[in-house]
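The values are calculated or read from the model by the stated rules, or taken from the named source; none is laboratory data. Small disclaimer: the values here were computed from a predicted structure and weren't measured. Every residue, glycine among them, receives a Cβ derived from its backbone with ideal geometry; neighbour counts consider all protein chains shown.
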Amino acid sequence: MPEIVYSIIAKARLFGLSFASINHIKFTMSDQDTPPPKDDEPPKVEDSPSPGSPSDVPADSSSEPAPEPGDESPPQLEEGSPDAADSEAPVASSNVLGKGKMSENDEKTMGMLAHILGGVTCFLGPLIIWLIKKDESPFVDDQGKEALNFQISVLIAYVAAGIIGVIPVVGCLSALLIPAIGIAALIFAILGGLEANKGIIYRYPFALRLIS
């Protein structure tokens, strides 16, 4: 009986040792086959600023924004400068007065007469003054031609009004046009004489400048 018990115990011990060895081998193989744990999160890399990034450029508080092409204002002329004096000069001022053989007062008087006589004698008065004084004064030459051209234009208007008076349908307009032309011619002749007496080159608002 004891021999049977001893044999059973010996077998049990042998079986228990074998079982423990097998388990040890399995655990060792499983540890070798299992890959090492990996970190799911990738390592963080610090972002280095690029060379052209705004953070690398130092802020210049003194710099001003460049003006746009359409915002440029024209340069202002300083007071007392020659350009400012030229810009303030009247455009209608004479540039030929005092450059002839006559005195300035005589040039102004003859220029005034060229216009005033044109309102009274039509083209005869300006024609006579222009023919006599055109070589002695550039101012009288210019104003005499201007008055003569205007009076020639007025004469053409009188002829046109007379032709209209012959037409039966619109003939009554001639009775209104002829006085209106005469009054307008006289008014502009007086205005031209006043401006010429100031030494200003006068230009009529409408005239056929046939003589140049």
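Among all residue pairs at least 6 apart or on different chains, which show Cβ distances below 9 Å where the first residue, located in the stretch 154-176, is outside any helix (DSSP H, G or I) and the second is modelled with pLDDT under 90 and not hydroxyl-bearing (Ser, Thr, Tyr)?
Ile167/Leu173
Within the stretch 147-165, how many residues are among the aliphatic types (A, V, I, L, M), touching a Ser or Thr at 6+ places or on another chain (Cβ under 8 Å) and loosely packed, with under 13 Cβ neighbours inside 10 Å?
In the first step, residues of the stretch 147-165 are kept if they are among the aliphatic types (A, V, I, L, M); the result is 147-148, 152, 154-157, 159-161, 163-164.
Now restrict to residues that are touching a Ser or Thr at 6+ places or on another chain (Cβ under 8 Å): 161, 164.
Next, only the ones that are loosely packed, with under 13 Cβ neighbours inside 10 Å stay: none.
Here the count works out to 0.
Mind checking whether some residue in the stretch 129-148 is modelled with pLDDT of 95 or more and either outside any helix (DSSP H, G or I) or more than 23 Å from Asn105 (Cα to Cα) (or both)?
Within the stretch 129-148, not a single residue is modelled with pLDDT of 95 or more and either outside any helix (DSSP H, G or I) or more than 23 Å from Asn105 (Cα to Cα) (or both).
Can you name the condition, by its number, that Phe188 falls short on among (1) within 45 Å of the chain's Cα centre (by Cα); (2) surrounded by fewer than 17 Cβ atoms within 10 Å (Cβ to Cβ)?
(2)
Of everything in the stretch 97-128, what is under 43 Å from the mean Cα position of the chain (by Cα), among the small types (Gly, Ala, Ser) and part of a helix (DSSP H, G or I)? Give them in sequence order.
Gly111
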